[in-house]
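So the structure is just underneath, and the comments pick up after that.
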Amino acid sequence: DAKTTQPNSMESNEEEPVHLPCNHSTISGTDYIHWYRQLPSQGPEYVIHGLTSNVNNRMASLAIAEDRKSSTLILHRATLRDAAVYYCILRGNNNAGNMLTFGGGTRLMVKP
Amino acid sequence: GAVVSQHPSWVICKSGTSVKIECRSLDFQATTMFWYRQFPKQSLMLMATSNEGSKATYEQGVEKDKFLINHASLTLSTLTVTSAHPEDSSFYICSAGGGSSYNEQFFGPGTRLTVL
């Protein structure tokens with residue numbers, strides 16, 4: 001699976017939108033873009049994923065660049081419970097077994 | 001979403017003893033489970049892929065004789081840390097793939113292992 005690059009950390013104010021960027025310039029045509037987050041002392045949890053089109057769900061929105069070399073996870077109104085490490089992961093369509101390779105992620109801090 | 005549980009949530013053991021960690025998929029059948037290890041302030045590192053009814057596949061650098069994995073049923077995988085040493089102290093996390101949600105992986109809450 002191709003590599004992703006994320007800022008080490010970001011800070012946000014509570015109830016404001018947060019845009020978490022991810023660069024994946026070597027993405028292949030069949031790679032899905034996945035986002036997971038990990039709250040302190042917990043296992044990761046799925047946030048959202050997409051292939052080419054922007055995606056929305058109850059947790060977040062995923063904006064994918066037209067050339068797919070970058071994407072942005074959007075939290076529309078950050079809460080204190082959104083403080084976590086956010087991981088952007090590429091998963092190839094031929095990745096047998098659904099394996100995920102975690103990079104460093106972005107540590108999001110939310111200020112009240 | 002699907003639920004994956006781990007037991008115990010934390011364990012403290014003496015150096016040289018063995019510790020077994022269980023990972024269960026509670027509401028779906030998991031043909032494949034994964035075991036990760038996470039040291040403080042680091043990312044998750046995949047240790048091995050556990051396949052139901054067959055031998056686990058270990059990542060490079062992970063000792064298969066030290067970290068024994070058994071996936072005897074579609075809902076249970078176990079990781080046994082044999083002859084544990086302080087450097088094995090870590091956060092161990094399992095996840096389950098397969099079933100009906102091909103694109104999503106479900107993670108357990110993790111097990112904190114401390115070896116004295």
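The values are calculated or read from the model by the stated rules, or taken from the named source; none is laboratory data. For clarity, every value in this text was computed on a predicted model and none was experimentally measured. Because the Cβ atoms are built from the backbone with ideal geometry, glycine has one as well, and the counts that use them run over all protein chains shown.
Summary table
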read-out	value
Residues within the range B:34-52 that are over 16 Å from residue B:64 (Cα atoms), of a type in the set (A, V, I, L, M, F, W, C) and within 11 Å of chain A (Cβ to nearest Cβ), tallied	1
Residue within the range A:87-110 that is under 13 Å from the mean Cα position of the chain (by Cα) and at positive phi present	yes
Residues within the range A:74-93 that are more than 14 Å from every other protein chain (Cβ to nearest Cβ) and within 14 Å of residue A:9 (Cα to Cα), tallied	2
Residue list for the range A:27-48, filter: free of Cβ contacts under 8 Å to residues at least 40 places away in the same chain and either surrounded by 15 or more Cβ atoms within 10 Å (Cβ to Cβ) or within 14 Å of chain B (Cβ to nearest Cβ) (or both)	A:41, A:42, A:43, A:45, A:46, A:47, A:48
Index of the failed condition, residue A:25 passing every other in (1) in contact with a strand residue (DSSP E or B) (Cβ under 6 Å, 6 or more places away or on another chain); (2) of a type in the set (Gly, Ala, Ser); (3) farther than 25 Å from residue B:94 by Cα	(1)
The range A:88-102 residues that are under 17 Å from residue B:58 (Cβ atoms) and modelled with pLDDT of 75 or more, paired with ones that are among the aliphatic types (A, V, I, L, M) and surrounded by 20 or more Cβ atoms within 10 Å (Cβ to Cβ) (beta carbon under 6 Å, 6 or more apart)	A:100/A:89
